[in-house]
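Novice: Quick one: the structure is below, and I'll ask about it shortly.
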Amino acid sequence: MQDILGLALANLLSPMILCFALGLFAALARSELTVPEAAAKALSIYLLFAIGFKGGVAVADHGVDARLLAALGAGVALSFALPFVAFALLRAMTRLSTTDAAAVAAHYGSISIVTFVTGASVLTSQGIASEGYMVAVAAAMEAPAIISALWLARRAGSGAERMDAELWREILLNGSIVLLVGAFVIGMVTGQDGMARIESFIVSPFQGVLCLFLLDMGLVAGRGLRASRGVLSLGAVGFGFVMPVIGAAAGLVAGMILGLSTGGVALMMVMAASASYIAVPAAMRVALPEANPSVYLTLSLGVTFPFNLTLGIPAYVAVAQAVTGG
């Protein structure tokens, strides 16, 4: 236990997480510190491209085999299943309507790509290797949760929109998914030759760019928390802390069954514990327009995202090391 706490503390004091904490503090203290919107978008584009490209190169080196396909299947299964757990918890812990509960549940079955990138960076800083194809698993876990949530909403008679062409387009052609998958394919096609050509662009600057991006995310999360007073009950806030732990436990079991490395198990935990705040909100605006965005966005971005970055990721990495002996 002492070793786990020591590892968690070391990760908690990493530059990336401290930058997020700085942004959170600045927003809550009503500082004038801001990151221009165009700059924040450019940072996110860089991060998505870099992580996707590096993942594609890793798959090119590894090759498409049964282990990769099994990991993809496990990720999709988790994304389908976790919204049902989240929905049941929300109905037990809160007084949210079935529509709002289903919308929130979708966020907790899908993933936060920024949380995934941060987890991968923490592993790199600790010298812990992971399977490169985990970025493909991350991309595969974006959409299934939306389908589960819409089924839950429709079963409860909330009037969810049907899965028409517009909704499928919103899910599959969301900008973050297109960029992540596209960069992954480019990396897989070009392999190590492509990496050698642009390594100085996507490897060395990565940690610094992530620090600036997380500073901005801290500002966004802090402003959301400040503006949403009275929107969430204590039960809803408690859910925002409990559900990531349950998701991480499911990811741990999946990673151990798959026989992933220490880093792979940690990333599976990180993905299962995270909550989407990009792809899923866009889909919910189309599929469940009557759901309250201040509820699902505040929970995913204002509660679970800070929890994962400051406490969750260090704990998940430490547990993965303890369980796998890595």
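Novice: Hey, can you tell me all the residues within the range 73-123 that are under 23 Å from Leu180 (Cα atoms), free of Cβ contacts under 8 Å to residues at least 60 places away in the same chain and crowded, with 24+ Cβ neighbours inside 10 Å?
Specialist: Of everything in the range 73-123, just one residue is under 23 Å from Leu180 (Cα atoms), free of Cβ contacts under 8 Å to residues at least 60 places away in the same chain and crowded, with 24+ Cβ neighbours inside 10 Å, namely Gly109.
Novice: Does Val64 count as within 26 Å of Ser261 (Cα to Cα) and touching a residue at least 60 places away in the same chain (Cβ under 8 Å)? Steps first, please.
Specialist: Details: within 26 Å of Ser261 (Cα to Cα): yes; touching a residue at least 60 places away in the same chain (Cβ under 8 Å): no.
For Val64, the condition - within 26 Å of Ser261 (Cα to Cα) and touching a residue at least 60 places away in the same chain (Cβ under 8 Å) - is not met.
Novice: Does at least one position in the range 280-294 carry a residue that is of a type in the set (A, V, I, L, M, F, W, C) and at pLDDT 90 or above?
Specialist: Taking the range 280-294 and keeping what is of a type in the set (A, V, I, L, M, F, W, C), we get 280, 282-284, 286-288, 291.
Adding the requirement that they be at pLDDT 90 or above leaves none.
No, the range 280-294 contains no residue that is of a type in the set (A, V, I, L, M, F, W, C) and at pLDDT 90 or above.
Novice: To continue, here is another question. Mind listing whichever residues of the range 95-130 are modelled with pLDDT of 90 or more, among the β-branched types (Val, Ile, Thr) and over 23 Å from Ala283 (Cα atoms)?
Specialist: Ile128
Novice: Among Thr304, Thr298, which is under 15 Å from Asp100 (Cβ atoms), in contact with a helix residue (DSSP H, G or I) (Cβ under 8 Å, 6 or more places away or on another chain) and among the polar types (S, T, N, Q)?
Specialist: Numbers: Thr304 fails: under 15 Å from Asp100 (Cβ atoms).
Going through Thr304, Thr298 in turn, the sole match is Thr298.
Novice: Would you please name the residue that is farthest from the chain's Cα centre (by Cα), looking only at residues in the range 22-39 that are open to solvent by less than 80 Å² (accessible area, probe 1.4 Å) and not aliphatic (A, V, I, L, M)?
Specialist: So the residue we want is Ser31.
Novice: Looking at (1) in a helix (DSSP H, G or I); (2) farther than 11 Å from Val135 by Cβ, which is the only condition Val59 fails?
Specialist: (2)
Novice: So the check is Cβ under 7 Å with 6+ separation or different chains; which pairs have a first residue in the range 140-164 that's among the charged types (D, E, K, R) and a second one that's modelled with pLDDT under 80 and assigned to a helix (DSSP H, G or I)?
Specialist: Every condition considered, the pairs that remain are Glu142/Ile177; Glu142/Ala279; Glu161/Leu167; Glu161/Val286; Glu161/Ala287.
Novice: Let me ask you something else. Would you please name the residue that is nearest to Leu24 (Cα to Cα), looking only at residues in the range 283-302 that are open to solvent by less than 10 Å² (accessible area, probe 1.4 Å), among the aliphatic types (A, V, I, L, M) and in a helix (DSSP H, G or I)?
Specialist: In this case the residue turns out to be Leu299.
Novice: Okay, moving on. Can you tell me which residue within the range 208-249, out of those that are assigned to a loop (DSSP other than H, G, I, E, B) and open to solvent by less than 50 Å² (accessible area, probe 1.4 Å), is modelled with the lowest pLDDT? Can you show your working first?
Specialist: Applying the first criterion (assigned to a loop (DSSP other than H, G, I, E, B)) to the range 208-249 yields 228-233.
Add one more test, that the residue is open to solvent by less than 50 Å² (accessible area, probe 1.4 Å), and what stays is 228, 232.
Working: Ser228: 69, Leu232: 81.
Looking at residues that are assigned to a loop (DSSP other than H, G, I, E, B) and open to solvent by less than 50 Å² (accessible area, probe 1.4 Å), I get Ser228.
Novice: Between a first residue in the range 178-201 that is in contact (Cβ under 8 Å) with a residue 40 or more places away in the chain and open to solvent by less than 50 Å² (accessible area, probe 1.4 Å) and a second residue that is among the acidic types (Asp, Glu) and assigned to a helix (DSSP H, G or I), which pairs have beta carbons less than 8 Å apart while being 6 or more apart in sequence or on different chains?
Specialist: Qualifying pairs under 8 Å: Gly191/Asp61.
Novice: Within the range 281-313, how many residues are farther than 20 Å from Leu214 by Cα and touching a His at 6+ places or on another chain (Cβ under 7 Å)?
Specialist: 1
Novice: Now for a separate question. Does the range 40-67 hold any residues that are open to solvent by 10 Å² or more (accessible area, probe 1.4 Å) and more than 27 Å from Gly23 (Cβ to Cβ), and which are they?
Specialist: Ala58, Ala60, Asp61, His62, Gly63, Val64, Asp65, Ala66, Arg67
The values are calculated or read from the model by the stated rules, or taken from the named source; none is laboratory data. It should be emphasised that the depicted structure is a prediction, and the values quoted were computed from it without experimental measurement. Glycine gets a Cβ as well: all are built from the backbone with ideal geometry, and neighbour counts include every protein chain shown. To get the accessible areas, we keep the full protein, side chains included, count just its heavy atoms, and leave off ligands, DNA and RNA. Shrake-Rupley method; radii C 1.70, N 1.55, O 1.52, S 1.80 Å.
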